[in-house]
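Heads up, the thing below is written out as structure tokens.
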Amino acid sequence: MNLDRVNSELKRQIALMIDNSEIKDPRLQGMISVTGLNTSKDLAYATVYISVLGGDIKDTLAVLKNASGHIRNTLKSRVKIRNMPELRFVRDDSIEYGLKMDKLIDGVIGKDNENNN
């Protein structure tokens, strides 16, 4: 399996685990998205990018960090690769940044429309 396919499959499986409530913790609230995953070339480490809307990102990352052993063991049975990487969960601000930029652009367009009328 090439690295892109490994990244894609691990991302898909982790997202399924979160969506199917296989990680049971009341602190997992809101819409949790796995926005990306990068694996080191030697498959020793994988950085999982997480975005949360409507929940606490710090609690979510803490829960996922604590559950990383369970997630990794489950992945071992679902994805057939040589070495299952050690998982590291980090915050992905790209969705929030995109929403902020949309608001700024809408504000500028609104002011421009007011000035032209």
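The values are calculated or read from the model by the stated rules, or taken from the named source; none is laboratory data. Small disclaimer: the values here were computed from a predicted structure and weren't measured. Counting neighbours? That spans all protein chains shown, and the Cβs are built from the backbone with ideal geometry, glycine included.
Yes or no, residue by residue, for (1) crowded, with 18+ Cβ neighbours inside 10 Å; (2) among the aliphatic types (A, V, I, L, M):
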position	(1), (2)
2	no, no
5	no, no
9	no, no
18	yes, yes
33	no, no
36	no, no
41	no, no
44	no, yes
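In segment 75-117, what residues are free of Cβ contacts under 8 Å to residues at least 60 places away in the same chain, surrounded by 13 or more Cβ atoms within 10 Å (Cβ to Cβ) and assigned to a helix (DSSP H, G or I)?
Once the filter is applied, which keeps residues that are free of Cβ contacts under 8 Å to residues at least 60 places away in the same chain, surrounded by 13 or more Cβ atoms within 10 Å (Cβ to Cβ) and assigned to a helix (DSSP H, G or I), segment 75-117 yields only 96.
Considering each residue of segment 1-29, count those that are over 16 Å from residue 65 (Cβ atoms), outside any helix (DSSP H, G or I) and of a type in the set (A, V, I, L, M, F, W, C), and give that number.
Here the count works out to 1.
Test residue 32 against the stated conditions and say whether it is in a strand (DSSP E or B) and touching a helix residue (DSSP H, G or I) at 6+ places or on another chain (Cβ under 8 Å). I'd like the intermediate steps shown before the answer.
Working: in a strand (DSSP E or B): yes; touching a helix residue (DSSP H, G or I) at 6+ places or on another chain (Cβ under 8 Å): yes.
Spelling it out, residue 32 is indeed in a strand (DSSP E or B) and touching a helix residue (DSSP H, G or I) at 6+ places or on another chain (Cβ under 8 Å).
Limited to segment 35-51, what total is found for residues that are touching a Pro at 6+ places or on another chain (Cβ under 7 Å) and outside any loop (DSSP other than H, G, I, E, B)?
3
Do the conditions hold for residue 52, that is, is it over 13 Å from residue 10 (Cβ atoms) and modelled with pLDDT of 95 or more?
Spelling it out, it is not the case that residue 52 is over 13 Å from residue 10 (Cβ atoms) and modelled with pLDDT of 95 or more.
Can you list residue pairs whose Cβ atoms sit under 8 Å apart, with the first residue in segment 55-67 being surrounded by 17 or more Cβ atoms within 10 Å (Cβ to Cβ) and the second being part of a helix (DSSP H, G or I)? Count only pairs 6 or more apart in sequence or on different chains.
Close Cβ pairs (under 8 Å, with a partner that is part of a helix (DSSP H, G or I)) amount to 64/71.
Being in contact with a Lys or Arg (Cβ under 9 Å, 6 or more places away or on another chain), part of a helix (DSSP H, G or I) and over 16 Å from residue 9 (Cα atoms): is that true of residue 58 here?
Numbers: in contact with a Lys or Arg (Cβ under 9 Å, 6 or more places away or on another chain): yes; part of a helix (DSSP H, G or I): yes; over 16 Å from residue 9 (Cα atoms): yes.
Criteria met by residue 58.
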